[in-house]
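Below is one structure; the comments refer to it alone.
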Amino acid sequence: METKVILTEKEMPTSWYNIQADLPEPLPPLRHPGTKEPTRLPPPLFPEALNEQEFSKERYIDIPEELQEIYKLWRPTPLIRAYRLEKALDTPARIYYKYEGVSPAGSHKPNTAVAQAYYVKKEGFKRVATETGAGQWGSALSMGCMFFGLELKVYMVKVSYYQKPYRRIMMETWGATVVPSPSEDTEVGRNILKKDPDCPGSLGIAISEACEDAFAHDDTKYSLGSVLNHVLLHQTIVGQEAKKQLEKIDAYPDIIVGCIGGGSNFAGVFLPFVKDKIEGKKPDLQIICTEPEACPSITKGPYTWDYGDVAGLAPIALMYTLGHTFVPPPVHAGGLRYHGMAPIICHLHKLRLVEARAEYQIPVFQAAVTFTRTEGILPAPEPAHAIKVVIDEALKCKEAGEKKTILLALSGHGHFDLAAYDSYLSGKLEDYEYPEEKVKEALTHLPKVQI
Ligand SMILES: *Cc1c(COP(=O)(O)O)cnc(C)c1O
């Protein structure tokens with residue numbers, strides 16, 4: 001029995017899969033943050049090709065050849081059978097994981113980063129501006145821009161800039177310019193610093209700075225690493241590969257599990273499979289999205305219209321949200337601290353095609369350590385949420401004597417998150433209760449949208 005299913009470069013998918021071609025009901029349109037009327041993405045911010053992909057109904061969109069060549073540096077990624085984890089759990093379930101930690105940045109994020117950089121370059125722009133929290137997105141995009149000779153300016157949340165220097169150094173090594181946000185380089189930043197020189201920054205402030213930068217420079221585009229339809233689209237190369245790999249060994253998942261921050265890595269894995277569920281080929285396929293108990297957008301948030309960003313500059317989307325002004329507790333899974341969720345995932349949840357679960361961080365790290373001590377890979381805290389659910393499901397299979405096939409979306413490794421592991425191993429990690437009062441307060445600031 002093989003442990004790893006490998007695809008050759010020739011077998012790598014040559015198009016992205018667009019779920020919008022197969023949705024049983026179309027996605028509700030985005031709305032303009034000012035007028036509240038249906039809108040496209042703010043055109044000066046994004047390359048036109050991405051604006052088209054955002055609303056396209058074409059089922060398959062070709063991956064440009066130049067881009068395929070770059071993907072081949074780390075793709076196709078392996079699909080691995082977790083024999084050692086299965087054995088430790090003594091489960092009859094078969095567990096497979098699709099591992100994106102083999103990319104140079106250590107996660108799935110380069111799949112869209114290089115694609116976005118490609119279109120910026122192709123449309124004749126010279127520079128990109130973006131925000132980053134702990135640095136996962138900033139590092140993926142730094143690499144993307146490096147491949148296409150683009151300048152990149154990264155506004156990095158100030159606390160992370162000083163507390164987590166390694167990703168910053170990685171970004172700078174790839175050639176990006178990184179500044180702590182709030183910065184003196186934008187109007188938004190200067191105004192905040194005037195009032196509060198010690199402001200620790202937030203993702204919301206950093207987004208506003210990056211957008212202002214892109215609006216202010218004709219040669220510059222803005223780039224976002226999750227949530228938007230075109231980002232999820234680029235990630236579908238992952239799920240298409242996984243499907244081919246499972247076909248090779250005559251397997252098909254009964255359960256697919258992944259973590260959702262903005263939703264891109266997991267959507268990338270499950271969208272090619274949800275197609276089969278919609279078409280009735282695999283009606284009982286279970287798709288489980290996992291999120292932190294401290295930031296439970298789908299499991300606790302209402303399905304309503306809200307701004308995509310804290311500043312209220314981004315389009316308004318119909319989604320599960322905790323309110324755009326909500327600031328979640330500082331859980332270590334930095335990538336899962338977004339107030340809302342990708343509209344595509346919310347829509348599929350509303351249609352009952354996917355389900356969601358929330359997990360506390362201590363049991364999540366416990367699951368991560370079990371995984372490290374069986375499979376050898378030290379996972380990022382984000383996909384560790386999914387590992388917790390995979391272990392729960394595998395143990396259920398043991399009790400029921402069921403031989404289910406489980407597919408785990410393992411979005412990245414945790415080599416830059418060792419402080420979090422240290423905190424868990426030394427017994428200092430805390431669980432955060434769902435901050436109900438703070439969410440209630442944030443939900444009073446939802447935009448008023450009349451339909
Ligand atoms: C950023 C990140 C996430 C969360 O973002 P999604 O868009 O939900 O995928 C998950 N895992 C890793 C490793 C990340 O870097």
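The values are calculated or read from the model by the stated rules, or taken from the named source; none is laboratory data. Just so you know, these numbers come straight off a predicted model, no measurement behind them. In this analysis, Cβ positions are derived from the backbone assuming ideal geometry, glycine residues included, and neighbour counts consider all displayed protein chains. Calculation scope for accessible area: heavy atoms of the full protein, side chains included, ligands and nucleic acids excluded. Shrake-Rupley method; radii C 1.70, N 1.55, O 1.52, S 1.80 Å.
Quick notes on this structure:
- Note on segment 1-103: with charges restricted to the Cβ of Lys and Arg (+1) and Asp and Glu (-1), its dipole about the Cα centre is near 500 debye.
- Violating pairs (Cα-Cα greater than 28 angstrom) within the set Lys109/Lys388; Lys4/Lys87; Lys98/Lys158; Lys57/Lys396; Lys57/Lys153: Lys98/Lys158; Lys57/Lys396; Lys57/Lys153
- Mean accessible surface per residue for the chain, computed with a 1.4 Å probe while every protein chain stays in place, in Å²: 40 Å²
- Remark: the His217-Glu184 segment gains 10.3 nm on full extension, using 0.36 nm per residue and subtracting the alpha carbon distance.
- Rounded to the nearest whole Hz, the Karplus-based 3J(HN,Hα) values (6.51 cos²θ - 1.76 cosθ + 1.60, θ = phi - 60°) of segment 93-98 follow the sequence 5, 9, 10, 10, 10, 9, with x at glycine and proline.
- For the chain, average projected area of the Cα convex hull in nm²: 20.2 nm²
- Overall, the accessible surface of the chain at a probe of 1.4 angstrom is composed of carbon and sulfur to the extent of 52 percent.
- Near-label residues of segment 259-285 by backbone N, under 13 Å of a point 7 Å along Cα→Cβ of Arg352: 284
- Normalising the average separation of contacting C-alpha pairs (under 8 angstrom, six or more residues apart) by the number of residues puts the relative contact order of segment 353-435 at 35 percent.
- Kirkwood Rh and Cα Rg combined as Rg/Rh, segment 212-323: 1.05
- Karplus-derived 3J(HN,Hα) values for segment 296-301, using 6.51 cos²θ - 1.76 cosθ + 1.60 with θ = phi - 60°, are x, 3, 6, 6, 10, x Hz; glycine and proline are entered as x.
- Remark: the Glu151-Asp90 segment gains 16.8 nm on full extension, using 0.36 nm per residue and subtracting the alpha carbon distance.
- Glu441/Glu25 FRET efficiency (R0 41 Å; Cβ-Cβ; nearest 0.05): 0.80
- Here the chain is assigned +1 on the Cβ of each Lys and Arg and -1 on the Cβ of each Asp and Glu. Its dipole about the Cα centre then comes out at about 580 debye.
- Contact order relative to length of the chain, as percent, for alpha carbon pairs under 8 angstrom and 6 or more apart: 19 percent
- Inverse mean reciprocal Cα-Cα distance (Kirkwood Rh) of segment 168-270, Å: 16.8 Å
- Amide H contacts under 5 Å for Ser202, placed H, 5+ residues apart: Lys158
- With the simple spin-label model, which puts each label point 7 Å out from Cα in the Cβ direction, the His32 to Gln450 separation comes to 1.6 nm.
- Cα-based helix-to-principal-axis angle, 229-248 vs the chain, degrees rounded to 10: 20 degrees
- Area of Leu395 that stays accessible when all protein chains are in place (1.4 Å probe, Å², to 10): 70 Å²
- For segment 356-363, putting each phi into the Karplus relation 6.51 cos²θ - 1.76 cosθ + 1.60 with θ = phi - 60° gives couplings of 9, 9, 10, 10, 7, 6, 5, x Hz, in residue order, rounded to whole numbers and with x for Gly and Pro.
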